[in-house]
Each structure stands twice: as structure tokens, then as C-alpha cells.
1. State the number of residues belonging to region 442-465 that are open to solvent by 100 Å² or more (accessible area, probe 1.4 Å) and farther than 24 Å from Val476 by Cβ.
2. Tell me, yes or no, whether region 747-757 has at least one residue that is hydrophobic (A, V, I, L, M, F, W, C), touching a strand residue (DSSP E or B) at 6+ places or on another chain (Cβ under 6 Å), in contact (Cβ under 8 Å) with a residue 60 or more places away in the chain and buried (at least 18 other Cβ atoms within 10 Å of the Cβ).
3. Is at least one residue of region 147-165 open to solvent by less than 80 Å² (accessible area, probe 1.4 Å) and at pLDDT 70 or above?
4. Mind listing whichever residues of region 376-390 are free of Cβ contacts under 8 Å to residues at least 12 places away in the same chain, assigned to a loop (DSSP other than H, G, I, E, B) and open to solvent by less than 80 Å² (accessible area, probe 1.4 Å)?
5. If you take the residues in region 662-696 that are of a type in the set (Val, Ile, Thr) and within 23 Å of Ser734 (Cβ to Cβ), which one is farthest from the chain's Cα centre (by Cα)?
6. Filter region 408-437 for residues that are at pLDDT 85 or above, open to solvent by 100 Å² or more (accessible area, probe 1.4 Å) and on the phi < 0 side of the Ramachandran plot and give the result.
7. Could you tell me whether Gly724 is closer than 21 Å to Lys643 by Cβ and not hydroxyl-bearing (Ser, Thr, Tyr)?
8. Got a number for residues in region 427-476 being more than 22 Å from Val414 (Cα to Cα), under 55 Å from the mean Cα position of the chain (by Cα) and part of a loop (DSSP other than H, G, I, E, B)?
Amino acid sequence: MAINFDSDANKVSITVPAPTTVTVTDKGIKGDKGDTGDTGDTGPEGPVGPQGIQGVVGSNGQDGADGASPTASNVAATGAVMKTATSTADFDFVIDEDNFSSNSATKVPTQQSVKALFDSEASARVSGDAINTSATSAVSGQIGLLRDKLGASADGNDLSDIGTPASNDKVLIQDTSDSNNLKYVDFSEFGTGNGTGDITSVVAGTGLTGGDTSGDVTLNVIGGTGITANADDIAITAGGVGTTQLADDSVTEDKLDNTLLAEIDANTAKATNVSTNLAITGTTGARTITSSDGTNAIIPVATDSVSGVMSSADHTKLSGIETGATADQTKTDINGLAITTVGTIDSGIWNGTAIASAYLDADTAHLSGTQTFSGAKTFSDSIQVDNINLDANTVSTTNTNENLLLAANGTGFVELRGNQASSADNPGAIRFNCAANTHGVTIKSPPHSAGATYTLTLPTDDGTDGQILKTDGNGVLDWVNNSGSYTHPNHTGEVTSTSDGAQVIADNVVDEANLKVSNSPTNGYVLTAQSGNTGGLTWAAASGGGSGGIGTADQTLDADRTIDTNGYNLDIELDPTGTADTFTVHDGTHDLFQVDTSTSGTLFSVNDVSGLPKLEVDETEGVIAKSIKVDDSALTAAGQYGKGAEIWYQGTSTPTAGDVYYLDSSGNWAATDADAVATSKGMLAVAAGADSDVNGMVIKGFVYLATDSGGSVGDPVYLHTTTGKLTNDVSGYSAGDIVRIAGYKVATNVVYFDPSKDWIELS
């Protein structure tokens, strides 16, 4: 077995050779220098430390020591094989197994086990050959018999006596006249009239009796009701055919005797015992024709679908038709009649075409004036009056570019009514829509609770530029000049103004008289901003009190100073020489924050409430942190990353947020693709946005992917054969694809991105 590591391709290849014979010679020359030892297994993952500066590349490892000359002791210690060895008892790679049941791919069998296997196989084969010989002889005998039946030739080499069928519709049969050999015959030879020989068996079927298997055979027809079966004929007995034997309409004219048919046609074969006296009964409704000795006939009252007698009601209707009325009155004739009287329609629905305009035009007595409709009327379609159309809740004009006028009578006015619901009032309103009727501006009345009733009268013209609309208090509106408008002054001197009215104060020229301060100053006080006081500025004592304010000049502290902020202290500590070297924030008991200006030891520390350090910056050890908290921070969008993530602002690429990229040779980012080594083996990152040097690239930490990787929480995720994506399933990968772990799934679309430095190319 050979294990090779390709440092350029970052790939490990394992080669297992075929079994070979290893011969160890006598002590040879001194062995070559040993290769550098393999890298040890990766230790358990420690806590995440702060990001340090990039370390210097380490030097190559030292060459291995020269191998020792082989001796019996050191060869045995290493498990090697000496040429002088006389037994394989201590060799782990040798197996003594007669039946080879373990099927080992790494062990060598002994001579004895190989011989035992071959001896067993040879014995089994001899036994099998004897069985096969016996079986072959039996089969040969059966084949001989089959050949005899099939008509083989004298030499027994073929079946030529059978011959070749003339067509596909031939069958192979046994021929008793030719030593029971087989031959091909046509199906037609089985038909009626072509066969020869004697019938050896006759069996009676349904309706027959008799039959036999030899000699003369007689078949007798079984008689039935009204039918007699004789030796030479079948006869129908007198009265044997009646209504039971004959179905209705089963006897047709062509089955009747010509003489009888002629008599029926001439009506000379009628029955003589049928009475011709008939009577009609009933005075209303249906009529019954009574037969003296047969079935009565009933004539029903005529309906739309049944013909019959006329009812009294129908007779009354017909009697009401005026004398001279014709049967060819058409719709046009009726519409043309001069109708002068309009009756009352008590029920029913107007349905169908409109009343003819000829009638409407002629009925001047009813249409020339105002008509009154009593009660609510419902029209199923729009109503058009002149050029005004009423359709659903829309009133519109039918003429092109025509105005829609709403005219009140006398001193009346057009009123837009509101409505009062149980939940809220809805005052009357008018809305001015846009051209597409998707939005608009609404003018609405005040609410009902205001009790407002007033009139606004618009001005007589549209006013001039800059004027505003003003009321006189009685609802009369007019355009007036805006006297309350502001025109900025053009100041000069200490305070000036720009063209847009902005005020500019010259440097170093404003004195106390030009400031608006809420109180009088006191010696040593400073001016502070107090939003609650008049003017916004207030004179107040400096923090720390007294006249020891810091001022504008550098200050020299000759002792420790404490700034007390409501019980929490900010200390500046001094060394004996009088030079401050630390800056400390503490709560009166423990140091919480400290900066040290010394050149060795801890330079900066942040401590917990007990004074123990949580974060330190040391001159020699760098950044020291007890722990760094990382989390997913409720990530919801592609490219978002959690606290503690490591971000690298590199390149000028424009990636897709939430996709995975590798750093190419130009220093930019290209989408990963597990289909090839070149797009899978490099440094990996997830794009935090669309600009790699502005939004950054996540090289480690929690991050929200653009596409979910699939699988369950806790599953490892790998580079996908789809560019820029991750997946939990590599079962479908094929030769040449790259398998590389990129992290672990922690939620839908969210992974902890921590790419492995190793990868495997499938072969």
C-alpha cells in the first residue's frame, strides 16, 4: 500500500497494489534518509480565540534519521520479515484457512490451505463428473427415443424425414400409418369432407338422445310441448301451438298460408261471434267506448302532448273568439293595432323584446306628460334617459365630451348625504379621482358631533400670484395678499444672511449681549445647553464644582483625581514621579476598565464586576479573551451574519449575497463549483452583500444563505455541483467531483460556515 500527498493539489492518494512476494535479503547497504514524518491527527477543537496577526511561515521539518541495518531483533520489533524465517506463525498477514471463508483482501494463504482447497475442489469435480456422465447417458437415451418419434434418418444425424413446412399455418401431427412418425399437415385437412376413415364414437348433445362408441348409431330428437318426434319426422300436434309457445307479433304475413292471408285481406276470415254494438259513456272529461265482449277503449282529454276529446274549458275559450277573427294574425299585425287604452298588469314579469316604438310614439296620451311610478321598481339593465345613462351606482353621459349637470330647483342645492352607522359616522364627501380611478382627493363634511352648518361662498375670480383665500367670518371667501408671509432681511455686520434667508454669524464676534441666556452669569460658571429653559442656554457651575474648570489650556494634575458620577467613579491614577500612566474606571471597589501606558505587561483590560479580566491586550501575548460570544442573531436575509463572525473586505467583485465563493488568482471572488478542483480547493467565503470590499465576505461564522442547503439541523454541508450553493447530500456525486465540508446547518438557510482545509476528489 502506498500513500502519496500532493502538496500542490492538496490531495491524498491511496494506492493498494496486487499481492506480491516480499524477499528480505541479507544485511544491505545503509538505507536512504527517511522522509519527513506524516502530520499527526488533528486535535480536538479548542475555544475560538481572537484573530491574531498572520504568523510567519514555519521552516521545513528536519530530515528523518538514517535507517538502521536490519538485524533479527530490530526486524522482529518492526514486524518485518527476515529471509531466514522458517515459520509464518507470527506473521499477521498470513492466514491458514482451508475453505477461504473470511474472503480477506489483505492476508496471504498458507501452502497447506491452498492444497486443501484444491484437493476438495478436485474431489468434488470427480464426483460431479460421475453424476454428469450418468445424467448425460440418461438424456442421450431420451434423445434417441425422441429422434425415433420425430422420424430421424437412418444415420440418426438429422430429422430430415419430417421435412420443412410449406407455410406458417401448418401443424405437426403423429402419423400412425408411418410408424407413428411426425409430419406437417394443413389446417384445412381437418375440415368437413376432406377426412377419411370411420367415426368411432357419437355422443348425443342437447335435444338429442342415443349415441354410442362403435357400430351403427341412432340419434333421436327429444319431443316437447305440442311437438312429437317420430322416426322420420317431427310433427306438431293439434292445438299444440298456442299463446304460450308464440310470442306477441311472432307470426308475420310471410309465415301465413297464402289462402289464409288472402281471406284476412278480404275480411272474410273475421270471427262470427264478435258483436258490433259499441257505446260511448261519460259526459265530462275522457270518453269511454264500451265493447260488449272485449276491452273498452278510452279517449282522453286533449293536451299539448296527447290527442283526444275537447274539454269544456277549451270549448269556452274558442267560443270567445270574435266573429271574423283570422288565424294568421302576426306580431307585426298586433303591434300595428291602434291601442288607446292601457290596462293594469297585476302580476308577471316583462320579458322579451321591448314594446314596439310605433306603439310608444302613438300613445301620446300617456307618454307626453310626467308619469308616476308607485312603489320600488327594479330594472335588470341600465336605464337611458336622453343622453343620461344610469348603470348600477354610476350616472354618466352618453354624448362624447359632454358635461354632466346636476340642477337644483329654485333656492335648493345639490346635497351629498352621509350615513350614521353603529360603529362610526360617515359624513357626506365628494372625491376627485385620478384618470385611472385608482386614487383621488376627498373633500368631507365635519363629523356629526361638530354640529356644523355654514355656507362658503367662493370669490368672483381666481386671484393673483401669492394671494391666499380668506373668509370674512360669514362664509364669504376672497383672495387677499398674504400679510403674514416672511421676507428675510439682508443683514450686515456681525450677523449676515444669505439669499435663501439663512443667518450667518461671523467668527469671534458674538458677545454675551447677542446671546439669549435664561439667567445671569456667576464668576467661574460655564454656559450649558438647557432645553427646558428660556433661550436654551444657562449659566451653571462646571462639573466638579468650584473654579477649577479645565478651560481651554492644558491642565497639570498634581494628585489623583476622582470624577464622581452619581456614585460611580472615574479615576486617573499617578505614579510617584507625577506622570499619569493609567486611566481607570471602577465602581469604588473593583477596576472595570483600565488603560496602562507602560511598555510591558497588560496595556488594556476590560474586567467583570469582580475585577477579573475578560479582555486584555498584552505587550507580548497580544489579545487575550476569556471567551468570545458568537450567535446567529436572528438572521433573516441572504448574506446577514451573526455576532463573532470573521469578515474580510477584499477584492472588487460584485457577488450575490448569501452565495459561496472562492478567492481566485486575481484576488477577486468567483462562485464555487464542486464539479472541478480549480473551483473548490481554494479559500472560501460567503458574500455578505453585492460588493466584496464594501459589504465584505464572511470567512467564518453564522451566516444566512441565499438557498437552503437541505437536510436537518446539525448535518454537515458540502460544496454543491450547482455554482455558489451548499448541500447536505453528495450521494449523487461522480468521478471528478469534489467533496469538501463547508460547515454545519443550524436552521433553515442558516449555517455555521467553517470550511475544511481538506477535500477529496472522487475517482
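The values are calculated or read from the model by the stated rules, or taken from the named source; none is laboratory data. If you're wondering where the values come from, they're calculated on a predicted model, not measured in any experiment. Here the Cβ positions follow ideal geometry from the backbone for every residue, glycine too, while neighbour counts run over all protein chains shown. Calculation scope for accessible area: heavy atoms of the full protein, side chains included, ligands and nucleic acids excluded. Shrake-Rupley method; radii C 1.70, N 1.55, O 1.52, S 1.80 Å.
1. 2
2. Yes, region 747-757 contains a residue that is hydrophobic (A, V, I, L, M, F, W, C), touching a strand residue (DSSP E or B) at 6+ places or on another chain (Cβ under 6 Å), in contact (Cβ under 8 Å) with a residue 60 or more places away in the chain and buried (at least 18 other Cβ atoms within 10 Å of the Cβ).
3. Here is the first cut: in region 147-165, the ones open to solvent by less than 80 Å² (accessible area, probe 1.4 Å) are 147, 150-153, 156, 158-160, 162-163, 165.
Narrowing further to those that are at pLDDT 70 or above: none.
No, region 147-165 contains no residue that is open to solvent by less than 80 Å² (accessible area, probe 1.4 Å) and at pLDDT 70 or above.
4. Ser382
5. Narrowing region 662-696 to residues of a type in the set (Val, Ile, Thr): 672, 677, 679, 686, 694.
Next, only the ones that are within 23 Å of Ser734 (Cβ to Cβ) stay: 672, 677, 679.
Values: Thr672: 26, Val677: 33, Thr679: 30 Å.
Here the answer is Val677.
6. Of everything in region 408-437, those that are at pLDDT 85 or above, open to solvent by 100 Å² or more (accessible area, probe 1.4 Å) and on the phi < 0 side of the Ramachandran plot turn out to be Asn409, Thr411, Phe413, Glu415, Arg417, Arg431, Phe432, Ala435.
7. Values: closer than 21 Å to Lys643 by Cβ: no; not hydroxyl-bearing (Ser, Thr, Tyr): yes.
Taking the combined requirement at face value, the residue does not satisfy it.
8. Within region 427-476, the subset more than 22 Å from Val414 (Cα to Cα) is 434-439, 449, 461-473.
Right, trim to under 55 Å from the mean Cα position of the chain (by Cα) and you get 434-439, 449.
Now drop any that are not part of a loop (DSSP other than H, G, I, E, B), which leaves 434-439.
Result for region 427-476: 6.
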